[in-house]
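Undergrad: Let me give you the structure first, and then I'll get to my questions.
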Amino acid sequence: MSTESWSLVTPCFAGAGVVVNKRFKSSGFWRKLEEHNVAIVSVVPTLLQFLIDANEDLEIERIPNFRHIICGAGPLSVELARDFQDRFGLKILHGYGLSETVCYSCFLPTELEWHEHCAWMYDHGFPSIGCPVATNEMAIHDSLGKAVNDGEKGEIVIRGHNVMCGYFKNPEANATAFAHGWFRSGDEGFKRRGDDGRDYFFITGRIKELIIRGGVNISPFEIDEVLCGMPGIRVGLSVGFDNRYYGEEVGAYVQVEGDASLTEAQIIEYCTTKLPSSKCPKVVIFGNDIPVTSTGKYQRGKLKHLFAEYKDRQFK
């Protein structure tokens, strides 16, 4: 509901028109903007990469009223942001929010000069998600609910009129989510104070272990269940790894039972019988060294580097 609220309801409230495509197509995208005199486009990072790959020329003078591209709902890398903005000369207005906060809680300011905008997008290791919108406050807290120093990583927390009242009939989840008087997002990030006196926020990862593929949230535990249910697999962990096309893709780290003999193709084929293609692992890595916490919990995040060579691959 949150994305629809922002993309559809807000323009109507402002007296603007909305152009809705049945489905996204890279070819002819710029021509559609021209035909409908579009001023703002909302996309997930995956679509930016598709537009780069389509490599269709854009004549800026043919879309004189165009302002910027809103981008969120998935991981945006500095590399992808730079490639897109260099190729097309259009601003990516990076933002951040959750369903619990009725979509966006912060945006990069629209009035920044090009060099200022690019500095916030490129110079801090992650593209900035911008400054809090007027309806809410944002901060970076440690696990005890205390604000951390500028530039120090912690959990992104939010409070304001746009934050939900709570999860329905789930007091335990509410007690955790609203600990210390703020809504705790489950996302890791940091902030830096700009010369203009505003706080600019950055997201660096998820404390909650959702995999966000092309703007769609995928629970790793659902995939784990399928992997561990396959004969011959002792432990199967889904791992969301960085991918240029979808922000994140789904990989699997597998420990086989005893002398069982399984191939990557067999495991992927098995998963296709249990899961939609978007949730199926695209890469399988075999191993026995699974990192765990002191309490024995698997640490899938420490396996992500094993999939680094697949960052630039588009999986069919």
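Computed from the coordinates by the stated procedures, all read-outs in this text should not be read as laboratory data. Predicted model only: the values in this text are computed from it and were never measured. With ideal geometry, Cβ positions are generated from the backbone for all residues, glycine too; neighbour counts draw on all protein chains shown.
Undergrad: Normalised by the empirical 2.2 N^0.38 Å for globular proteins, what value does the Cα Rg of the stretch 2-206 take?
TA: Numbers: Rg = 17.9 Å, N = 205, 2.2 N^0.38 = 16.6 Å.
The reported ratio for this selection is 1.08.
Undergrad: Any chance you could list P(r) for the stretch 40-109, counting all Cα-Cα pairs in 10 angstrom bins from zero, rounded to whole %?
TA: Going out from 0 Å in 10 Å bins, the stretch 40-109 shows 19, 53, 24, 5 percent.
Undergrad: The stretch 9-110: which GluC sites (Glu not before Pro) are DSSP loop and have at most 10 other beta-carbon atoms within 10 angstrom? Display every interim value, and only then the final one.
TA: Working: sites: GLU34, GLU35, GLU56, GLU59, GLU61, GLU79, GLU100; in loops: GLU56, GLU59.
Sparse-neighbourhood loop GluC sites (Glu not before Pro): GLU59.
Undergrad: Also, quick follow-up: Take every Cα pair under 8 Å in the stretch 211-310 that's 6+ residues apart, average their separations, divide by the length, and report that relative contact order as a whole percent.
TA: Numbers: 166 pairs, mean separation 26.8, N = 100.
Result for the stretch 211-310 is 27 percent.
Undergrad: Give the relative contact order (percent, whole number) for the chain; include only Cα pairs under 8 Å separated by 6+ residues. List each step's numbers first, then the result.
TA: Values: 552 pairs, mean separation 38.7, N = 316.
Answer for the chain is 12 percent.
Undergrad: Nearest 500 deg cm²/dmol is fine: what mean residue ellipticity at 222 nm does the chain get from its DSSP H runs of n ≥ 4 alone, each adding -39,500 (n - 2.57), divided by its residue count? The partial results should precede the final answer.
TA: Details: 8 runs with 67 residues, N = 316.
The per-residue figure over the chain is -6000 deg cm²/dmol.
Undergrad: Another one. Step through the residues of the stretch 188-204 one at a time and calculate ³J(HN,Hα) from phi using the Karplus curve (6.51 cos²θ - 1.76 cosθ + 1.60, θ = phi - 60°), rounding each to whole Hz and writing x for Gly and Pro.
TA: 8, x, 8, 9, 9, 7, x, 5, 7, x, 9, 8, 10, 9, 9, 10, 10
Undergrad: Same structure again: Return the lysines within reach of LYS311: Cα separation strictly under 19 angstrom, same-chain partners fewer than 8 residues apart disregarded; answer none if there are no such residues.
TA: Filter leaves LYS279, LYS282, LYS302.
Undergrad: Considering only DSSP beta bridges with both partners in the chain, what is the antiparallel share in %, to the nearest 5? Before the final figure, lay out each step's value.
TA: Details: 39 of 50 bridges.
Counting DSSP beta bridges with both partners in the chain, the antiparallel share is about 80 percent.
Undergrad: Whole angstrom only: what separates the Cα centroid of the stretch 249-313 from the Cα centroid of the stretch 82-139?
TA: 33
Undergrad: No solvent, one uniform scatterer per C-alpha: report log10 I(q)/I(0) for the stretch 211-310 via the Debye equation at q = 0.16, 0.21, 0.25 1/Å, two decimals.
TA: Normalising to I(0) and taking log10 leaves -0.63, -1.09, -1.48.
Undergrad: Something else: So, by mean Cβ neighbours within 10 angstrom, what's the order for 36-46, 66-76 with the highest one leading? Intermediate values should be presented prior to the final figure.
TA: On the way: 36-46: 18.3, 66-76: 21.2.
Order by mean packing, descending: 66-76, 36-46.
Undergrad: For a quick check: sort SER77, SER278 by the number of other beta carbons within 10 angstrom, fewest at the front.
TA: Details: SER77 17, SER278 12.
The most exposed by this proxy come first: SER278, SER77.
Undergrad: Roughly what % antiparallel, to the nearest 5, for the DSSP beta bridges in the stretch 211-310? Can you show the working numbers first?
TA: On the way: 14 of 18 bridges.
Percentage antiparallel, nearest 5: 80.
Undergrad: Between ILE129, ILE158, ILE233, find the one with the highest GNM mean-square fluctuation for the chain; connect C-alpha pairs within less than 10 Å.
TA: Sorting by GNM fluctuation, first place goes to ILE233.
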